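What follows is one structure encoded as structure tokens, with my remarks underneath.
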Amino acid sequence: MILELKKLFAGAEESIPFDYAMDLSGTEVDNAYPFVSPIRVTGTAAAKDGFAELSVRAEYVFSIPCDRCTRQITQNCVNSFSHVLVSKLENEEDDRFFEVPDGRLDLDALVREDILLGLPTKFLCRDDCKGICPVCGRNLNDGPCGCGRQSGALGFDVLKDFIQ
């Protein structure tokens, strides 16, 4: 969605409300396509003294495998973002403002970027997820596996010989 902001910057309009659905189903995150519902984007761009204040709320269903146990995690997510929009930056280094030099804001691109930057770096089904057994592959959140693996880190057994 393109927001026309020229009238806001000029003070001819007070606000521009928006409410629409955006599709991110083709966006890949950690080798998965977790956006399983359209993103409902609502908010307003409100005129201030020579700039505009953008307030956005994005609601969607996010489904991705847990990074430790691979159990599918499905969550209803709600993210809120805000930006100060200006037609011209006084200082290129100032990241408090978002420049919209031609008065046309690609809201889809901005919302997509905000959502992706807000995602965690690790997706866990729960904070204390135990993962899977490296020998038999059983989900250790469901109880011990009983495959006879010894406690300790498998794969480091070869280093025991170096200690002697």
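No value in this document is a laboratory result; all are computed from the given coordinates. These numbers come from a predicted model, not from an experiment. Don't worry about glycine lacking a Cβ; one is built from the backbone with ideal geometry, like all the others, and counts go over all protein chains shown.
How far apart, in nm, are two points set 7 Å out from the Cα along the Cα-to-Cβ line at Ala12 and at Asp128?
Inter-label distance under the simple model: 6.2 nm.
Which loop GluC sites (Glu not before Pro) in the stretch 77-113, with loop taken from DSSP, have no more than 10 other Cβ atoms within 10 angstrom of their Cβ? If you can, show how the numbers build up before the last one.
Details: sites: Glu90, Glu92, Glu93, Glu99, Glu113; in loops: Glu90, Glu92, Glu93.
Counting only loop positions with at most 10 other Cβ atoms within 10 Å, the GluC sites (Glu not before Pro) in the stretch 77-113 are Glu90, Glu92, Glu93.
When you have a sec, figure out the Kirkwood radius of the chain from all distinct Cα pair distances and drop it here in Å to one decimal? Could the numbers behind the result be given before it?
Working: mean 1/r = 0.0514 Å⁻¹.
Value: 19.5 Å, from the Cα pair sum.
Would you grab the residues whose amide H sits under 5 Å from the one on Phe123? Only those 5+ places off in sequence or on another chain, please, with H modelled 1.01 Å from N.
Under 5 Å from the amide H of Phe123: Asp67.
Could you give P(r) for the stretch 14-110, binned at 10 Å from zero, as whole percent values over all Cα-Cα pairs?
With a bin width of 10 Å, the distribution comes to 14, 37, 26, 18, 5, 0.
In debye, nearest 20: dipole of the chain around its Cα centre with unit charges on the Cβ of K, R (+) and D, E (-)?
The dipole of the chain has a size of about 980 debye.
With θ set to phi - 60° and the Karplus curve 6.51 cos²θ - 1.76 cosθ + 1.60, what are the ³J(HN,Hα) couplings of the stretch 75-83 in order, to the nearest whole Hz, using x for Gly and Pro?
Values per residue, Gly and Pro as x: 9, 8, 10, 9, 10, 10, 10, 9, 9 Hz.
Suppose each label sits 7 Å from its Cα in the direction of the beta carbon; what would the Asp106-Glu4 distance come out to in nanometres?
Label at Asp106, label at Glu4, 2.0 nm between them.
Evaluate E = 1/(1 + (r/R0)^6) for Leu117 and Cys145, where r is the Cβ-Cβ distance and R0 equals 35 Å; express this FRET efficiency to the nearest 0.05.
On the way: r = 38 Å, r/R0 = 1.07.
For Leu117 and Cys145, the calculated efficiency is 0.40.
Give a residue-ordered list of calculated ³J(HN,Hα) values for the stretch 117-127 (Karplus: 6.51 cos²θ - 1.76 cosθ + 1.60, θ = phi - 60°; whole Hz; x for Gly, Pro).
Those phi angles translate into 5, x, 6, x, 7, 9, 9, 10, 5, 7, 4 Hz.
What's the magnitude of the charge dipole for the stretch 35-113 around its Cα centre, counting Lys and Arg as +1 and Asp and Glu as -1 at the beta-carbon? Answer in Debye, nearest 20.
Working: 9 positive and 14 negative charges, 133 e Å.
Magnitude of the dipole: close to 640 debye.
Name the long-range amide H neighbours of Ser37: under 5 Å, sequence gap of 5 or more, or other chain; modelled H, no Pro or chain starts.
Correct list: Val61.
Sequence-distant or interchain residues sharing an amide H contact under 5 Å with Arg138, placed H: which?
Cys133
Rounded to the nearest 0.05, what FRET efficiency do Arg138 and Asn31 have when you use their Cβ-Cβ distance and R0 = 25 Å? List each step's numbers first, then the result.
Details: r = 23 Å, r/R0 = 0.91.
Efficiency, from the Cβ-Cβ distance: 0.65.
With θ set to phi - 60°, apply the Karplus curve 6.51 cos²θ - 1.76 cosθ + 1.60 along the stretch 44-50 and write out the HN-Hα couplings as whole Hz, x wherever there is a Gly or Pro.
Once θ is set to phi - 60°, the couplings for the stretch 44-50 become 8, 10, 10, 6, 10, 6, x Hz.
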